[in-house]
Every structure is written in C-alpha cells, then in structure tokens.
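Everything below concerns the one structure shown next.
The values are calculated or read from the model by the stated rules, or taken from the named source; none is laboratory data. As the structure is a computational prediction, the values presented were derived from the model and not from experiment. Cβ placement follows ideal geometry from the backbone for every residue including glycine, while neighbour counts extend to all protein chains displayed.
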Amino acid sequence: MTSVIAWLAVDSRQPTGLYFASDSRRSFASGEFFDDCIKLYAVEGSQDIFAFSGDVGFAQDFLSSTCSVIEADKVPYNLKTSPHGRAEWIEKNLRSKLLATHIGLSHTTTILYGTRYRWGPQAVFYLTSYLIKAGSTDVLVRELSTEVHRSSVIELSGSGESFVKQAISTTTAVAGDFSRAFFSGFCESVLSGNDIYSGGAIQLVNIGCKSTSRHIGVVLPQGAYYRGQKFEGCGALGGSKTDWRNTKFERVLPNGELIRGAQRHQWR
C-alpha cells in the first residue's frame, strides 16, 4: 500500500534538507478506498519526521503516540540527546507494540524516521528504516546512508515504488538530480493512477538545516492540500506561515500563484 519517497537536498556546499512525500490513500481488501489517510508526521518543535507504508491502523497509532511522547519531552534523557539514541528508543517501542499484537501485521509495513544533528553548516541528517513483514512480530532496522554529495533519493517504499522510480528516472533525465525533479516525478506517478493503492492528495514534510520539522502544503491541479486535506483558505488548517509548493516544487501561494521572487522551474 502507498507510495513514499525520502530524499536529501544538497547544494554546492552542504546538505540543506531532508524531505518525505507520500500519497493519501487507504485501501481495503474489498477494493474500497478512501483518500484521507495521514501518512507523514512532523514533530512540533523538534527535528524529527516520520513516514509509513503498509498497515494503516498500526502505523498511525504507533506514530501518533511516538510523536506525542517526543513533543512532551518524555524520551529517556540518555537516549534523546543523539539521533542513534532516539532511533534505538523508537525501535524498542516498536518491538514492544508488535509483540502486543501477538499475530503480527496484516500487511508488510515500513516506517521511516528522519532527524537532524547539529545546525546550519554542521548539520548532519539521519534516516532509519523499520521494516515489519506481514504476519511477523520482528523488525528489520536499517540506517540508510545520507553521505551524498548531490541531491539524492535515499529511499522509496510502498506498492507504488516501481512506478515512482520509473517516473523519477524520466524527470531527472531532463532536470538533473534536484528536489524539483524528485518531487515532480513522485507527483506524476501518484496522480497517474498507475498504482491503484496510491492516490489522493500529495503530502510533504521537511527538516531544514536551520529549521525544525514542518508540514508543507501542496498545490495540485484540483486545489491546495495540507496533510492530505483540502485547504479552503480559512481556519487553522495550514496556518498563515505555511510554505506551499506546486507539483514542480515551485514556491507558491495556496491559489497556485508563484510567490514574488520565487524561482520558476521552466524545465519541462
């Protein structure tokens, strides 16, 4: 189930940000589906972001509670001060929750955890993958390499992985290895409908080298969306300080207009 991508943005000097993007679809064995599923999490006031593919109920419950503990500053002190310590704490809690299910998960599930250590020019980004096979209560943990010298896709996950990979190979052939090519290819893959288990609005989260984790609004041909929900231009959804991107990764307003002074990506 799902399409998920993780990529690291790198400029001429240093890594500048870690991004996760996903679709919003949750599917059922009957063939029924709903495009209302939150699959990305940005922990308020921290440098931690999460994404998942697979078992929706289990992953949402686990990540919601994990984010609440981090936001409440209740991670054990001896673990919370380093990326590896927090990743170890997440693994321990994940294993405990899996054992409590007794029979394992109904779908193979991947949880991605991204974080940052240090700030600015010294920033180092970390990405950890937790894989649980269907029916298993074991967790395969991998620390994914982020030691790259140019913007790079670090991980793809979900039922739409092959379609996303193919779409990105096309966009990068035209635009090069840049965030705009990765995100544009991802959007094209999800919106094409090639993977019937991926669909709905695109979700996007980020940690910058100088900022805390945040959700980014996405403007699609059918309108503006924040965390997979339609943005109507009023209320708290998205907020006035939200950054918005279109499918070309251009900085825009919720109505789709390019922000004054923002770079236009004229490559297609």
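If you filter segment 179-188 down to residues that are in contact (Cβ under 8 Å) with a residue 60 or more places away in the chain and of a type outside the set (G, A, S), you find that the one that is surrounded by the fewest Cβ atoms within 10 Å (Cβ to Cβ) is R180.
Scanning segment 96-141 for residues that are among the hydroxyl-bearing types (S, T, Y) and in contact with a strand residue (DSSP E or B) (Cβ under 6 Å, 6 or more places away or on another chain) returns T109, T110, Y113, T115, Y117, Y126, T128, S129, Y130.
Just one residue in the set Y226, Y197 is aromatic (F, W, Y) and surrounded by fewer than 18 Cβ atoms within 10 Å (Cβ to Cβ); that residue is Y197.
Yes/no per residue for (1) farther than 19 Å from Y126 by Cβ; (2) over 21 Å from the mean Cα position of the chain (by Cα):
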| site | (1), (2) |
| --- | --- |
| Q47 | no, no |
| G54 | yes, no |
| F62 | yes, no |
| T66 | no, no |
| P83 | no, no |
| E88 | no, no |
| E91 | no, no |
| R95 | yes, yes |
| A100 | yes, yes |
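If I filter segment 248-256 for residues that are in contact with a helix residue (DSSP H, G or I) (Cβ under 7 Å, 6 or more places away or on another chain), surrounded by 16 or more Cβ atoms within 10 Å (Cβ to Cβ) and part of a loop (DSSP other than H, G, I, E, B), do I get at least one hit? There is at least one residue in segment 248-256 that is in contact with a helix residue (DSSP H, G or I) (Cβ under 7 Å, 6 or more places away or on another chain), surrounded by 16 or more Cβ atoms within 10 Å (Cβ to Cβ) and part of a loop (DSSP other than H, G, I, E, B). Within the bounds of segment 6-15, is there any residue that is touching a strand residue (DSSP E or B) at 6+ places or on another chain (Cβ under 9 Å), under 26 Å from N93 (Cα atoms), surrounded by 13 or more Cβ atoms within 10 Å (Cβ to Cβ) and not basic (K, R)? Yes, the conditions are met somewhere in segment 6-15.
Of the candidates I154, I168, I111, I90, the single residue that is modelled with pLDDT of 95 or more, touching a helix residue (DSSP H, G or I) at 6+ places or on another chain (Cβ under 8 Å), assigned to a strand (DSSP E or B) and not hydroxyl-bearing (S, T, Y) is I111. Note on segment 125-144: residues that are farther than 15 Å from F58 by Cα and at pLDDT below 95 total 0.
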